[in-house]
Each structure stands twice: as C-alpha cells, then as structure tokens.
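Remarks on the structure that follows.
The values are calculated or read from the model by the stated rules, or taken from the named source; none is laboratory data. For clarity, every value in this text was computed on a predicted model and none was experimentally measured. Counting neighbours? That spans all protein chains shown, and the Cβs are built from the backbone with ideal geometry, glycine included. Please note that ligands, DNA and RNA were not included when accessible areas were found on the heavy atoms of the full protein model with its side chains. Shrake-Rupley method; radii C 1.70, N 1.55, O 1.52, S 1.80 Å.
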Amino acid sequence: MKLRHPVLVASLSILVALSAPAHSVAAGSVQRDRITVIGDSILTAVEWNPQPLSILEQGLPAIELQIAVCRTLVGPGCPFEGERPPNLVDVVEALGDEIGSTVVVEVGYNDPEDGFGTAVDDSVRALLAVGVQRILWVNFHDWVPQYAQLNTDLAQVVARYPEVSIVDWRDYSLNRYSWFQSDGVHLVLSGAVALATLINQSLVAALTPPLVAHAPAVTVARVGCKYTAHLGVTGGKAPFRWRVTGRRLGRGLHLLANGVLTGTPTKAGRIRIHLQVSDSSGESGELRLVLTIGPRSSTA
C-alpha cells in the first residue's frame, strides 16, 4: 500500500510552503558549510522530537530541515490538510543557492513503483545541477514488501553517480519491529532516535577527511643520542592511537601511543619501521618509514 494517508507521530500541523521563487543557480554557489535534509513524514518523528533532533545535529555544521508529509520525488504529493507539498525537485529549485553542498534525501515512500528509478535519476540530476556536491540517500525499511523493489531500483541508479551514497536504513532497522508504528514504516520515538543516529553517523563519516599518516620531519638519529620525532596525521577523527605493526623497533627506541617516536639508539644502521594509526571512529592508516641511525659521534 502507498502511504497516501500516513500515520503521524504527533497531532501537529506542519506548514509546507516554500515562498522563494524557483530560479536557476550556477553550479558551485551552494552553501558549502550547510547540510540540507529533504524528507517526508518518516522524518517528522525526528523533527518533532527534541531527543532525536539533537542527535541528528550533533557535531555537524548547520542543518536545514525540509520535511513535509506526503512528499514525493518528482510527481504531485498526496493531499495533507488540504494541500499537496512540493516534491523534491520543487524544493531544490526553490532553495536555489541556499541549498547545502551536502544533501540528505529521505523521500520515496509515496512515489509509485512504476518509474521509480527514473524519478530517482531525475532527483539526483536536479540536485547536481544546482551544485550539490554530496548526496546521502536513505533507503527503505522493507518490512512492507513493495519497498524491497524500490531499494533495488535505488541502488541501481545510485551506482551511476559517485556523488551519491546509500544510508542503509534497510539493514540498520532489520528486525527492529519495536522502532515502528503498526504500518511498519513510520517511527515511534526509539525508531526516530535510531534513524537520527544513523544519519548523523553517515554525515560525520562523509564529511570527515580520510585518515592519512605522515612521516616525521627528521628520520636520522645517532647512536647514544636522544632521538624524538612526532608522527603526523591529517584527516580522521581524534583522538588517535599509534602502534608498531611490523618488526620491533631498534633497541633503545619506543613508540608512544600519541605518535611520539623516542629513545636513545644503541646500534647504527637503517631500520625499516611499519606503523599504524587508528582514530576514534575505527579508521586506520599505515605508515612505512626508514630510520637511519648513524654511528656514535667522536665528540660525544
């Protein structure tokens, strides 16, 4: 069944209106420090409840919510409180250069199965046309069987666009029946918390630069002399933790968990060192370097 008369999580009215006129925008002029979330009645459970809304926004740049009951991707939405909400493409055109460079899409439950893939493709093209750089698309909880096919169609379209990635609500919510109302689609509070958590985690991961380990500035030491070097990291999410993954360091040398390589070498030569750094999200980076240890200075 299509959600033409959705069950809501609160007896509230939602004003669905975009007063800004539609206009064309030069790609690249979007708000780079803003995230836009475009959703339907599923996300009202997040928007209307302080706990999941706070979870969604935690640690992220400014988020603008564009949530409307009965929203569709490209066609007319179902009537709600005497009005039909603007579809996703309408929202994108109305926002113009006010749209964020990162957009989360949670829409599609109200769209017909026939032509759904084309509707997704039209939506992606509309977002990219106004300069959106990154699209995170929430797939469907498919306890209701018809949504399994929509997930398949969505995945096939997304595979053609490197700017689009799936937020896997299907797997995340699998068998979590207590998160849903009796229709198996709309959310109770625990489900809203779960969806907000998943979207937040997906955004944080997408917006965090990849973890890259860097060699120290000085890779030459000397027998009998104290050596200290600081290993570097770019990207990732602090705090970071370093460890040795290959052969042991030369005698007298130690690697601290904070990335300080220190000690007093006891033997000249060249040491090949294999190291790994991991961040608080579980990402890791590898570093291989050669430390040259010169002989003891005759003046020491």
Can you tell me which of G100, G59, G39 is within 22 Å of L207 (Cβ to Cβ), open to solvent by 50 Å² or more (accessible area, probe 1.4 Å) and in contact (Cβ under 8 Å) with a residue 40 or more places away in the chain?
G59
If a residue has to be open to solvent by 30 Å² or more (accessible area, probe 1.4 Å) and closer than 16 Å to R270 by Cα to count, how many in the range 217-242 make the cut?
6
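Here's the yes/no breakdown for (1) within 30 Å of I135 (Cβ to Cβ); (2) among the basic types (K, R):
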site	(1), (2)
V220	no, no
T234	yes, no
A238	yes, no
T245	no, no
G250	no, no
R272	no, yes
G282	yes, no
L287	no, no
Just to verify a result, which residue in the range 279-300, among those that are open to solvent by less than 20 Å² (accessible area, probe 1.4 Å) and part of a strand (DSSP E or B), is nearest to V218 (Cα to Cα)?
L291
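Do we find a residue being modelled with pLDDT of 85 or more, assigned to a loop (DSSP other than H, G, I, E, B) and surrounded by 13 or more Cβ atoms within 10 Å (Cβ to Cβ) anywhere in the range 17-36? Steps first, please.
First pass over the range 17-36, keeping only residues modelled with pLDDT of 85 or more: 34-36.
After this cut, where a residue has to be assigned to a loop (DSSP other than H, G, I, E, B) as well, the list is none.
Looking for residues that are modelled with pLDDT of 85 or more, assigned to a loop (DSSP other than H, G, I, E, B) and surrounded by 13 or more Cβ atoms within 10 Å (Cβ to Cβ), one finds none in the range 17-36, hence no.
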Spot the failing condition for D111; the list is (1) charged (D, E, K, R); (2) within 20 Å of the chain's Cα centre (by Cα); (3) open to solvent by less than 20 Å² (accessible area, probe 1.4 Å), and only one is missed.
(2)
Condition (residue is at pLDDT 95 or above and in contact with a helix residue (DSSP H, G or I) (Cβ under 9 Å, 6 or more places away or on another chain)) applied to the range 94-101: is it met by at least one residue?
yes
For the range 282-296, the count of residues that are basic (K, R) and modelled with pLDDT of 90 or more equals 1
Give just the number: which of (1) touching a helix residue (DSSP H, G or I) at 6+ places or on another chain (Cβ under 8 Å); (2) more than 30 Å from V290 (Cα to Cα) does K237 not satisfy?
(2)
For L253, are the conditions met, namely being open to solvent by less than 20 Å² (accessible area, probe 1.4 Å), touching a strand residue (DSSP E or B) at 6+ places or on another chain (Cβ under 9 Å), farther than 30 Å from S41 by Cα and of a type in the set (A, V, I, L, M, F, W, C)?
yes
Assuming S54 fulfils every condition listed in (1) closer than 27 Å to V188 by Cα; (2) buried (at least 19 other Cβ atoms within 10 Å of the Cβ); (3) modelled with pLDDT of 95 or more apart from one, which condition is it?
(2)
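How about the range 127-159: which of its residues are in a loop (DSSP other than H, G, I, E, B), small (G, A, S) and either open to solvent by less than 40 Å² (accessible area, probe 1.4 Å) or in contact (Cβ under 8 Å) with a residue 12 or more places away in the chain (or both)? Please lay out each step first, then the result.
Just the residues of the range 127-159 that are in a loop (DSSP other than H, G, I, E, B), to begin with: 130-133, 139-145, 159.
When the remaining residues are screened for being small (G, A, S), the result is 131, 159.
Correct list: G131 only.
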Taking the range 47-91 as the search range and keeping residues that are in a helix (DSSP H, G or I) and out of contact with any strand residue (DSSP E or B) (no Cβ under 8 Å at 6 or more places or on another chain), which one is nearest to V124 (Cα to Cα)?
V89
